[in-house]
1. Please specify each residue of region 364-382 satisfying the condition of being farther than 19 Å from SER407 by Cα and either buried (at least 22 other Cβ atoms within 10 Å of the Cβ) or aromatic (Phe, Trp, Tyr) (or both).
2. Mind checking whether some residue in region 368-391 is part of a loop (DSSP other than H, G, I, E, B) and closer than 14 Å to GLU317 by Cβ?
3. So, of the residues in region 505-527 that are under 22 Å from GLY203 (Cα atoms) and in a loop (DSSP other than H, G, I, E, B), which turns out to be most open to solvent (accessible area, probe 1.4 Å)?
4. Does region 436-451 contain at least one residue that is in contact with a Pro (Cβ under 9 Å, 6 or more places away or on another chain), β-branched (Val, Ile, Thr), modelled with pLDDT under 90 and surrounded by fewer than 23 Cβ atoms within 10 Å (Cβ to Cβ)?
5. Of these, ALA554, ALA544, ALA558, ALA530, which one is in a loop (DSSP other than H, G, I, E, B) and either on the phi > 0 side of the Ramachandran plot or buried (at least 18 other Cβ atoms within 10 Å of the Cβ) (or both)?
6. Restricting the first residue to region 386-404 and requiring it to be among the basic types (Lys, Arg), which pairs with a second residue that is open to solvent by less than 60 Å² (accessible area, probe 1.4 Å) meet a Cβ separation below 8 Å and a spacing of at least six or different chains?
7. Looking only at region 137-164, count how many residues are in contact with a helix residue (DSSP H, G or I) (Cβ under 9 Å, 6 or more places away or on another chain), in contact (Cβ under 8 Å) with a residue 12 or more places away in the chain and assigned to a loop (DSSP other than H, G, I, E, B).
8. Name the residue that is nearest to PRO276 (Cα to Cα), counting only residues in region 297-340 that are in contact with a Leu (Cβ under 9 Å, 6 or more places away or on another chain), free of Cβ contacts under 8 Å to residues at least 40 places away in the same chain and not in a strand (DSSP E or B).
Amino acid sequence: MRQKAELEMDEYEKQRQENIAQRNKLLKDLALDARAAGLGPKPVSKPAPKSNASKKKAAPKKVEDFGPRRTSSRLQGIVADSEVAKRKAEDEYVAVQEAVRIKRQRKTDDLNLGDVVVKGEAWDQDRNPFVDIMKRGANPYERTFGETEVKETSDKELRSLREQMSGLELYEGFTPNNIKITEERIYSLGFHPTSDKPLIFAGDKMGNLGLFDASQKDSPKSKTETNGNGIKQEDTANNDNDDDGEEDEDDAKPAITTFKTHTRTISAFQCSPKDPSHLYTASYDSSLRLLDLTKSTSVEIYGPEDASLDEPLSGVEMDPSNSHLLYFSRLDGAVGRIDTRANPRTTDVYELSEKKIGGFSLHPGQPHFIATASLDRYLRIWDLRKMSGKSGSQLPALIGEHESRLSVSHAAFNSAGQVATASYDDTIKIHTLEGIGGFKLGQKIGDEGMEPSQIVRHNNQTGRWVTMYVSLSFISSLLLFPQFMTIDTKQPSRLRAQWQRQPPNDIHRFCIGNMNRFVDIYSASGEQLAQLGGDGITAVPAVAQFHPTEQWVAAGTASGKLCLWM
């Protein structure tokens with residue numbers, strides 16, 4: 001009997017210890033939940049020493065009541081481990097959870113920002129920083145420059161130039177809605193350098209390269225066919241089904257040829273100044289290709305040795321004094337130089353920025369100077385004649401830099417040594433680098449010499465989805481998930497200022513897209529010369545370019561449509 005009693009006592013003690021452990025765990029969980037919800041007693045701090053300077057007692061702090069608090073079961077006469085104690089613990093846990101739920105429940109009432117500021121200065125509607133931002137949105141077809149501004153120009157030379165540029169008219173052969181030069185969003189656009197007739201190339205987000213001959217006039221309705229080489233061509237044969245032999249003007253389509261030369265976005269291209277039949281294209285598929293218009297071939301000039309590497313290209317330029325030297329920029333902040341004479345071809349890569357280089361440019365007269373614009377808000381000027389660093393990691397000499405308030409999307413040199421940039425801070429900056437060619441090797445321009453000579457206010461980004469390059473949110477996603485590196489087809493607008501390479505009478509000018517569905521033209525001194533528009537433009541002409549020598553301006557839209565002024 002005694003042994004049986006001892007066994008029962010051991011079982012009872014074991015069960016009692018388990019109950020104590022469960023109770024302690026429950027109480028600990030309750031304490032943690034209460035602390036997370038801001039409930040329970042706070043640690044007592046040591047009282048501050050009394051000061052004789054002030055005898056005024058501080059007002060007692062107001063304690064906010066969040067609901068029922070835990071009380072001592074022993075003082076209430078509740079026996080530990082009893083059913084009453086368990087119910088009490090459960091009731092306290094439910095009360096804490098309810099307090100947390102109420103605290104996190106959304107507010108359905110109208111809120112005044114001045115009443116809900118939790119950090120920073122007090123909110124004042126009169127100093128609301130968002131009011132001015134929200135006013136700058138696009139207003140389709142609302143002109144900000146026109147005939148009135150031209151007539152009121154007192155300077156005779158400027159007025160003559162404004163009249164000349166404002167006199168450009170929208171191409172009459174076909175409406176922009178009918179000139180679908182690419183199937184997808186246009187990312188790059190430009191003229192062939194010939195002056196015989198306007199030949200326009202456009203690259204889209206899927207790697208298609210469209211070619212349009214603007215010398216053609218109204219043509220019959222066309223049929224799209226694809227030949228064995230994967231080239232889409234427009235058949236302009238007459239439609240035999242037309243009873244009257246006449247074609248409805250709305251159904252007329254131009255002859256357009258499309259080449260599938262890349263697998264991803266064609267970000268930039270350039271015709272060779274030595275051989276106009278050679279067209280170099282850069283793409284997000286990490287390749288640089290040569291399209292020979294005479295031989296009808298497309299060959300790869302550059303690509304990573306490892307085909308699995310993803311190194312998207314954002315730009316391409318050719319050394320105007322040496323057609324064997326090609327330069328390209330990458331989205332990872334590097335600029336490369338290729339010598340096509342070498343066999344195998346040699347490539348030098350310079351890591352010029354820790355962030356993406358959206359655009360770069362060579363000085364047309366002195367191509368050893370290169371301007372880069374990057375996501376880190378800097379315009380930088382480099383001198384390729386002086387290299388420093390160890391072999392394989394050399395860098396050209398940095399001779400000047402200028403920081404904008406927000407990122408700089410592109411930098412473009414003109415032949416006079418001026419650099420035009422477009423920035424997310426809604427400005428176009430013109431940097432006149434006087435005497436850049438006379439600088440000694442490695443001599444820096446200095447901060448004062450890099451200050452812009454003109455700043456033009458221009459709406460460069462409004463959150464509208466139009467063509468340009470990689471967005472900030474996309475860059476962030478790549479850092480977190482590099483294995484999913486693909487270029488998004490929709491990017492927030494970043495408009496580029498593009499100079500005319502060889503302007504008539506050496507009067508330098510550049511064009512840039514306008515969010516109100518126009519193309520703006522400015523002089524090198526920042527004076528606006530024209531605002532080109534017309535009927536049939538149903539989207540933002542984001543990608544705008546001058547013909548190198550003629551008074552022709554072309555612009556492409558997100559829908560693959562072409563606008564042309566002549």
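1. Restricting attention to region 364-382, the residues satisfying the condition of being farther than 19 Å from SER407 by Cα are 364-369.
Passing the criteria: only PHE369.
2. yes
3. ARG517
4. no
5. Just a single option satisfies the conditions, and that option is ALA558.
6. Short answer, once both residue conditions are applied: LYS386/PRO396; LYS386/ALA397; LYS386/GLY442.
7. Matching residues across region 137-164 total 2.
8. Ranking the qualifying residues of region 297-340, first place goes to THR340.
The values are calculated or read from the model by the stated rules, or taken from the named source; none is laboratory data. As the structure is a prediction and not an experimental result, all values here were calculated from the model. Here the Cβ is made from the backbone with ideal geometry for all residues, glycine too, and neighbour counts use every protein chain on show. Just so you know, the surface numbers come from the protein's heavy atoms only, side chains and all, with ligands and any DNA or RNA stripped out. Shrake-Rupley method; radii C 1.70, N 1.55, O 1.52, S 1.80 Å.
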